Amino acid sequence: MSTTDTTRFRLHPAAERGPTNLRWLDSRHTFSFGRFHDPSKMGFRALRVINDDRIAPGGGFAEHPHDNMEIVSYVVEGALAHKDSLGNGSTIRPGDIQRMTAGTGIRHSEFNPSDAERGRFLQIWIIPDREGLAPDYEEKATGVHEKTGSLRTIVSPEGGEHAVRINADVSIDAGVFEAGQGATKSFGPSRYGWIQVVRGDLALTITSEKHRDELTIGEGDGVELAPGATIHLEATRRAEVLVFDLA
């Protein structure tokens with residue numbers, strides 16, 4: 001299926017993501033990353049990277065540096081172990097959210113601590129609202145998998161009981177939906193949206209002042225939205241989704 005492009009939304013099909021295949025890693029890149037470069041896929045607003053990483057047992061990313069980026073990790077399957085140059089070390093699992101402010105510079109490693117089970121997580125990079133921040137780390141249990149059928153904010157500029165705080169005018173909602181369950185979300189007149197299907201299938205309705213669009217989206221698909229849209233998501237089979245609200 002080719003990319004659908006309108007003034008109201010743009011579909012980014014899963015099949016058009018760029019691949020990285022290593023002995024221990026099977027990754028798909030929604031936007032240009034590493035050896036995958038597409039001038040039309042350099043990010044969307046402050047959203048720069050969505051990598052869908054599947055990591056073999058015992059595999060992982062050796063220690064490496066980052067700077068001036070907000071890095072969010074969302075575990076889908078298994079576990080993800082994290083260590084960094086600030087002295088943090090922890091393991092997060094499905095339903096947890098992790099935010100690392102790279103700021104003036106940080107080094108970290110990520111690996112699958114299991115010797116038997118594959119891990120899967122989404123790594124998300126968001127451009128911060130300013131450079132030169134002090135490096136920082138935060139993680140929270142979101143409770144997303146404990147309550148199906150709704151969207152829950154897991155990343156925001158303010159943070160919260162179940163949300164990490166990010167240094168950008170961006171929020172991320174997450175939801176898990178059984179077949180037939182759904183949710184509605186509206187974006188302000190100056191707010192853009194991005195929908196990322198983590199797994200499953202969803203019927204998506206997009207309405208604006210004069211238009212109504214309907215499409216079916218599945219695992220790995222992304223949809224960018226023009227300002228002022230209202231969306232309704234309904235699972236046609238069990239689904240998990242992230243919804244970004246961007247300046």
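The values are calculated or read from the model by the stated rules, or taken from the named source; none is laboratory data. What you see is a predicted model, and the numbers here were worked out from it, not measured in a lab. Here the Cβ positions follow ideal geometry from the backbone for every residue, glycine too, while neighbour counts run over all protein chains shown.
Listed here are the residues, each with its yes/no results for (1) crowded, with 20+ Cβ neighbours inside 10 Å; (2) over 19 Å from ILE206 (Cα atoms).
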{"residue": "PHE9", "(1), (2)": "yes, no"}
{"residue": "ALA14", "(1), (2)": "no, yes"}
{"residue": "ASN21", "(1), (2)": "no, yes"}
{"residue": "ARG28", "(1), (2)": "yes, yes"}
{"residue": "ARG35", "(1), (2)": "no, yes"}
{"residue": "PRO39", "(1), (2)": "no, yes"}
{"residue": "PHE44", "(1), (2)": "yes, no"}
{"residue": "ILE50", "(1), (2)": "yes, yes"}
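Would you kindly identify the strands (runs of 3 or more DSSP E) lying entirely within region 192-247 that contain at least 2 residues that are closer than 16 Å to TYR74 by Cβ?
So the answer is 192-207, 230-246.
Suppose the filter is part of a loop (DSSP other than H, G, I, E, B) and either crowded, with 19+ Cβ neighbours inside 10 Å or in contact with a strand residue (DSSP E or B) (Cβ under 8 Å, 6 or more places away or on another chain) (or both); does GLU158 pass it?
Considered against the rule, which asks whether it is part of a loop (DSSP other than H, G, I, E, B) and either crowded, with 19+ Cβ neighbours inside 10 Å or in contact with a strand residue (DSSP E or B) (Cβ under 8 Å, 6 or more places away or on another chain) (or both), GLU158 comes out as yes.
Would you be able to say whether some residue in region 187-203 is in contact with a helix residue (DSSP H, G or I) (Cβ under 7 Å, 6 or more places away or on another chain), under 25 Å from ASP52 (Cβ atoms) and surrounded by 16 or more Cβ atoms within 10 Å (Cβ to Cβ)?
No, region 187-203 has no match at all.
Could you list, ordered by first residue, the pairs with Cβ atoms under 7 Å in which the first is in region 142-153 and under 20 Å from ILE231 (Cβ atoms) and surrounded by 17 or more Cβ atoms within 10 Å (Cβ to Cβ) and the second is modelled with pLDDT of 95 or more and among the acidic types (Asp, Glu), at least 6 apart or interchain?
Note: pairs meeting the criteria are LEU151/ASP173; ARG152/ASP173; THR153/ASP173.
Can you find even one residue in region 4-17 that is among the basic types (Lys, Arg), assigned to a strand (DSSP E or B) and more than 28 Å from ASP173 (Cβ to Cβ)?
No: zero hits.
Considering only residues that are touching a residue at least 60 places away in the same chain (Cβ under 8 Å) and charged (D, E, K, R), look in region 25-48 and name the one that is nearest to GLY60 (Cα to Cα).
Looking at the filtered set, the residue picked out is ARG28.
Among the residues of region 67-85, count how many are touching a residue at least 60 places away in the same chain (Cβ under 8 Å), surrounded by fewer than 19 Cβ atoms within 10 Å (Cβ to Cβ) and touching a Lys or Arg at 6+ places or on another chain (Cβ under 6 Å).
Number of matching residues: 1.
Identify the single condition in (1) loosely packed, with under 14 Cβ neighbours inside 10 Å; (2) modelled with pLDDT under 95; (3) over 29 Å from ASP201 (Cβ atoms); (4) not hydroxyl-bearing (Ser, Thr, Tyr) that ASN88 does not satisfy, given that it satisfies every other one.
So ASN88 meets the others, but not (1).
At least 2 residues that are under 15 Å from the mean Cα position of the chain (by Cα) in each: list the strands (runs of 3 or more DSSP E) lying fully within region 80-147 that qualify.
96-101, 119-126
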